[in-house]
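S.K.: Before anything else, here's the structure in question.
The values are calculated or read from the model by the stated rules, or taken from the named source; none is laboratory data. Note that the coordinates shown come from a computational prediction; the quantities given were computed from them, not determined experimentally. Here the Cβ positions follow ideal geometry from the backbone for every residue, glycine too, while neighbour counts run over all protein chains shown. The area values use the complete protein model at the heavy-atom level, side chains included, leaving out ligands, DNA and RNA. Shrake-Rupley method; radii C 1.70, N 1.55, O 1.52, S 1.80 Å.
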Amino acid sequence: FHMNILLFLPGFIYVMVKLKGPIFTIFQIIIIFLIQIILPSPFIMTNAENYFKRSYDFTRTFDYVETVNWRMVPENVFNNPAFHKLLLITHLCLLVIFLLVKWEKISFNFFKNMRLDDWSINAKLMNVDKTHIVKVMFICNFLGIICARSLHSQFSIWYFHTLPFLIWQTRLLTVFKVVLMIAFDYSWFAEKNIYPSVTLLIIHFILLISLLFFEKKDERKEDEKKKDIHKIN
């Protein structure tokens, strides 16, 4: 399941750039790359081609019979490369939307706010809210999952532990939040047919829209604003 870690990568890059700037982020990515080479070096030295083909096979076809998330799609569409490309494009678009709408605001100061203009080696560490960091990482993983070509039953471990956090970041009613969690269990562990698949799609869509438009306000930021107003007065 190490391929799942790649879904966190966009969020990781965003957080690193915000914390320490582009140069620091590039060094971190190099370290990640070197670890991926050093740790499996015995396998790479023995059969490098087979190792990389098996470990990072982005062209692998998935079994329609076992799919959980796209059961409602006809098999010929499910196996069509155009469908896979559409999911990839959707994933990239969602990442850009969250970046420009939720995490950063489109403005003339965008590059400065993102620290893309700070290319110093010893860039100063910026204070970024820890809850925001966790939220960004979990949302990036969630976006990758809802756009995945196929999810089988065991793949629920990729994100089930993040769902309570993400759902409780929304302004949905508590009862509705609990219903979403129950429906999630049903969609993953019920008999494989179109109904659990449609249920999972609806859950993902509701949570996606809620995170985009009905996200809970950051109470700490609101408290800081009130304190600033009191100071001014």
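S.K.: Is one or more of the residues making up region 136-159 in contact with a helix residue (DSSP H, G or I) (Cβ under 8 Å, 6 or more places away or on another chain), open to solvent by 40 Å² or more (accessible area, probe 1.4 Å), at pLDDT 95 or above and not charged (D, E, K, R)?
M.R.: There is at least one residue in region 136-159 that is in contact with a helix residue (DSSP H, G or I) (Cβ under 8 Å, 6 or more places away or on another chain), open to solvent by 40 Å² or more (accessible area, probe 1.4 Å), at pLDDT 95 or above and not charged (D, E, K, R).
S.K.: Would you point out which residue out of Asn47, Asn80 is at pLDDT 85 or above and over 27 Å from Lys192 (Cα atoms)?
M.R.: It is Asn47.
S.K.: If you don't mind, another one. For region 167-220, how many residues are in a helix (DSSP H, G or I), in contact (Cβ under 8 Å) with a residue 24 or more places away in the chain and charged (D, E, K, R)?
M.R.: So the count comes out to 1.
S.K.: A further question follows. Could you tell me whether region 97-111 includes any residue that is within 29 Å of Ser197 (Cβ to Cβ), in contact with a helix residue (DSSP H, G or I) (Cβ under 8 Å, 6 or more places away or on another chain) and part of a loop (DSSP other than H, G, I, E, B)?
M.R.: No, there is no match, as no residue in region 97-111 is within 29 Å of Ser197 (Cβ to Cβ), in contact with a helix residue (DSSP H, G or I) (Cβ under 8 Å, 6 or more places away or on another chain) and part of a loop (DSSP other than H, G, I, E, B).
S.K.: Ok, one more. From the residues in region 1-55 that are free of Cβ contacts under 8 Å to residues at least 40 places away in the same chain and not in a helix (DSSP H, G or I), which one is most open to solvent (accessible area, probe 1.4 Å)?
M.R.: Leu39
S.K.: Which residue pairs have Cβ atoms closer than 8 Å, lie 6 or more positions apart in sequence or on different chains, and pair a first residue in region 104-125 that is under 15 Å from Tyr14 (Cβ atoms) and without any contact (Cβ under 8 Å) to a residue 40 or more places away in the chain with a second residue that is in a loop (DSSP other than H, G, I, E, B) and of a type in the set (Gly, Ala, Ser)?
M.R.: Matching pairs, first to second residue: Asn113/Ser107.
S.K.: For region 56-80, what are the residues that are hydrophobic (A, V, I, L, M, F, W, C) and part of a helix (DSSP H, G or I)?
M.R.: In the first step, residues of region 56-80 are kept if they are hydrophobic (A, V, I, L, M, F, W, C); the result is 58, 62, 65, 68, 70, 72-73, 77-78.
Within region 56-80, Val65, Val77, Phe78 qualify.
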